[in-house]
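Enquirer: After the structure tokens below, expect a handful of questions from me.
Readers should treat all values here as calculations from the given coordinates under stated rules, not as data from a laboratory. Everything numeric in this text was worked out from a predicted model, so none of it was measured. Don't worry about glycine lacking a Cβ; one is built from the backbone with ideal geometry, like all the others, and counts go over all protein chains shown.
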Ligand SMILES: [Zn+2]
């Protein structure tokens, strides 16, 4: 098991915090790799091509949730290492 297996491999959210319990494939089966916010029916819900875009997107969400600058940085620092962005 890799270091990042328990995180969504697109946005970096811990999979156990995904209220939708994982994204879905085209056939309706659950994805163990991507969260429900990123991935539905076999497709990404955003059209990002670079991890930088996802970092910016997630940081804005965290900011809206009232998270401080350092925590925002910390929680998004691993996004560029996730499988989707390799
Ligand atoms: Zn995600």
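Enquirer: Any residue at all in the stretch 27-44 that is in a helix (DSSP H, G or I), touching a residue at least 12 places away in the same chain (Cβ under 8 Å) and out of contact with any helix residue (DSSP H, G or I) (no Cβ under 8 Å at 6 or more places or on another chain)?
Expert: no
Enquirer: Which members of the stretch 46-66 meet the condition of being in a loop (DSSP other than H, G, I, E, B) and surrounded by 15 or more Cβ atoms within 10 Å (Cβ to Cβ)?
Expert: 48 - this is the single residue of the stretch 46-66 that is in a loop (DSSP other than H, G, I, E, B) and surrounded by 15 or more Cβ atoms within 10 Å (Cβ to Cβ).
Enquirer: How many residues, within the stretch 7-24, are more than 11 Å from the ligand (Cβ to nearest atom) and buried (at least 16 other Cβ atoms within 10 Å of the Cβ)?
Expert: So the count comes out to 1.
Enquirer: Moving on. Taking the conditions exactly as written (more than 15 Å from the ligand (Cβ to nearest atom) and touching a residue at least 24 places away in the same chain (Cβ under 8 Å)), does residue 50 satisfy them or not?
Expert: yes
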